[in-house]
Structures are given as structure tokens and as C-alpha cells.
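The values are calculated or read from the model by the stated rules, or taken from the named source; none is laboratory data. Given the structure is predicted, the values throughout are model-derived calculations rather than measurements. Cβ placement follows ideal geometry from the backbone for every residue including glycine, while neighbour counts extend to all protein chains displayed. Please note that ligands, DNA and RNA were not included when accessible areas were found on the heavy atoms of the full protein model with its side chains. Shrake-Rupley method; radii C 1.70, N 1.55, O 1.52, S 1.80 Å.
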Amino acid sequence: MRIAIVGAGSLGTIVGAYLADGGMDVELIDAYQEHVDTLNQKGAKVIGTTEFQAKVKAVTPDNKSGKYDLVLLLTKQLYNDAVLQELLPFLKEDSIICSLQNGIPEEKVASIVGDKRVIAGSVEFGATFIEPGVSSLTTEYSQFKKYAFQIGELNGEITERIQRVKSVLDLVGGTHISDNLVGTKWSKLLINNAFSGLSAALNGEYGDILDNEVGIVSAVHIADETIKVGHANGIQFVKMNGFDIASLELKSKNDIPERIKTLQVVMEPSRLLKASMLQDLEKKRKTEIDYINGVVSSKAEGTGIETPYNDLVVKLVKSAEETQSVPHFHTNIKAFEDLVSGQI
């Protein structure tokens, strides 16, 4: 099986290192020339909660060749149109495109490469790009090896090819097959909304949100909004890492203290994670905020559900994009303080 990792950034570098070490024929594809050169010269180095290095093959997008049996899609959704159109000549009729992107991109991916080629997945570990050739694993190693991915067919069937993809991804970390892909993606979206969104809007690691009273209350409300909007759209949320995501829904304001305790326990292994959207803001790049918290805002239309916390995250991140600045935690947390005080 010939494998391409399209978008060999923080996550792709780690995935590529473990697949190559596992003996797979894998090509890491990334537009960052210095990163590609370093990967080829020195290998892919993983630091953080583990130490690991592997020899890998990397190319820039214009140096792709041959045909790929499996493509692991890890680019940002912002670039899907161009990335997927350029990929088409390198696909076989039965090639598999496994979307491991944030958000819910499968419909768009399928519209370009064809429904039959697409399976979807959820990355359940965190990483930070350190420098060319080096990525830091920010999820506890034992957790990473137990829960790294969820994957599944779009129609929920358990097929032979999904088993094949699982066997590949198991070389990286624990891979679980889901028969409810939409629910899986929404469950991951919820975590991204509550923590990646806030990490970008406030400029902090997940631990900064967990340790801040207003930050963690805001995360509870973001999770609640996501669940309510998901349910209004017919979504059945899937457990993540054995945890029932839907249990975070607020039945009343009296539930908030218990939800805070739950999130603090569930998210503790990821406290060192720094959102990729925040890293984008630091590099003065556009983020995927429209495909993360923005999904809840857009899907809430016509449901009668208000989404003030997700809306505020989108507003603050877009403001930082427009001014090409990085948010200031103590400034932006005040906007969430106003929301929290208005709802107590």
C-alpha cells in the first residue's frame, strides 16, 4: 500500500514518523520547503510526551508522483479546493481518501474526489509544530497509544477497507472504528469548539482555560451550545476516549459546577495543547474558525437556538485575523466575563 500524508505539519509529521518506522511506504507532502528538506535529511523527530525519530520521505506538492492507495488528508479546510483538485491525477479508481481534518469536511471532499473514495476520521491527539522536522506530541503518551483516531465509512458500514485503514493507523496509535461517523465528527468538533476555539480567541494553552474560572465556564457553555445545535440537526454524539460527550449538555444552570469538574478531568491529559488556530494567528495566517465554532453558528440558523459563546469566539478570532495580531488573554477574557455575568 502506497500512502500519502497530505499536510505534513504538526500532526502529519508524527503520523508519518510512526508509519515509516512501521515499514509502510509513506510519502509526507507539505508546501514548507525547509520542513521537507529537513525531513529528508534528518528524519521526522517527535518530542514532548515521548521521544522518537524515524527516517521518512517527504516531497512538496508539485513533486508528487505515481498513484496513492491511501491518502491521509491533514491540510486545513481552507485549501481543500486546490489541494484535492491537484490530487486527482494521483488517485486510482479505488484509492481511499481518509479525511482527518478538523470540522466536518466530508461532503466537500466527496464532491471533488467522489463519494466512493471517501472515509472519514477524527484525530484524538494533539501536537505542536516546533521547527522544520520536529513536532511535539502534547497528549500523554499512554493516552495517545490508546486513543489516537476514530475512523469510519460515511454510511456507517464496517467494511474490509476500513479494517485495512485501521491496521495502518494502529501503527501510530489506538484506532477505533465508528459506525456513526457524523456523530464522531461532531464530538470532535465539540472539543475543538470548546478548547481550540478558546485557545485561539484568548491566546492560551488548554491548561490556561482549565485553570481560569471564566475560561472553563465559557468552555462548558460552548460545549452545551454545540450539543443543542447538533441535536437540533439530528446528530447523535459518539463517545470519545470512552467519555459520553452528550452528557455535557446543560439541563439547567445548576449543572455548571458538575460540568466544570467533568471537563477538568477529561481534558487534563491535553492541558499542554496549543490550538493550531492560535499558531496560525501567530504566523499572521487565516484560521479555520469558520469550520470550527462557525459551524455551530451556521447550523443554529432556523433552530431557535442561540449560540452567543461560539459567536464570540468567531468574532474575536476573525478580529485577530483582520488586524494580523495575536489576542491578549486578559483583554479578551473580559468579553467572556460579560457573557458569563449576564447569564448567572
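Out of curiosity, is N192 in a helix (DSSP H, G or I), open to solvent by less than 20 Å² (accessible area, probe 1.4 Å), farther than 15 Å from L312 by Cβ and of a type outside the set (D, E, K, R)? It is true that N192 is in a helix (DSSP H, G or I), open to solvent by less than 20 Å² (accessible area, probe 1.4 Å), farther than 15 Å from L312 by Cβ and of a type outside the set (D, E, K, R).
Of all residues in the range 272-289, those being within 26 Å of T49 (Cα to Cα) and either open to solvent by 70 Å² or more (accessible area, probe 1.4 Å) or assigned to a helix (DSSP H, G or I) (or both) number 9. Checked against (1) farther than 30 Å from A54 by Cα; (2) surrounded by 19 or more Cβ atoms within 10 Å (Cβ to Cβ), I256 passes all but condition (2).
Based on this model, can you work out whether D81 counts as assigned by the TED database to the domain that holds Q143, more than 27 Å from T139 (Cα to Cα), under 20 Å from the mean Cα position of the chain (by Cα) and acidic (D, E)? In short, yes. Scanning the range 136-168 for residues that are polar (S, T, N, Q), assigned to a loop (DSSP other than H, G, I, E, B) and open to solvent by less than 40 Å² (accessible area, probe 1.4 Å) gives T138, T139, T159.
Inclusion of K166 among residues that are touching a Ser or Thr at 6+ places or on another chain (Cβ under 6 Å) and under 25 Å from V46 (Cβ atoms) is warranted.
Taking the range 258-306 as the range and being among the basic types (K, R) and within 15 Å of the chain's Cα centre (by Cα) as the test, only K274 passes. The sole residue among K57, K76 that is without any contact (Cβ under 8 Å) to a residue 60 or more places away in the chain and among the basic types (K, R) is K57. Looking only at residues of the range 217-240 that are open to solvent by 60 Å² or more (accessible area, probe 1.4 Å) and in contact with a helix residue (DSSP H, G or I) (Cβ under 7 Å, 6 or more places away or on another chain), we find that the one that is nearest to W186 (Cα to Cα) is Q236. Residues in the range 23-75 that are farther than 22 Å from F144 by Cα, among the small types (G, A, S) and open to solvent by 30 Å² or more (accessible area, probe 1.4 Å): A31, S65, G66.
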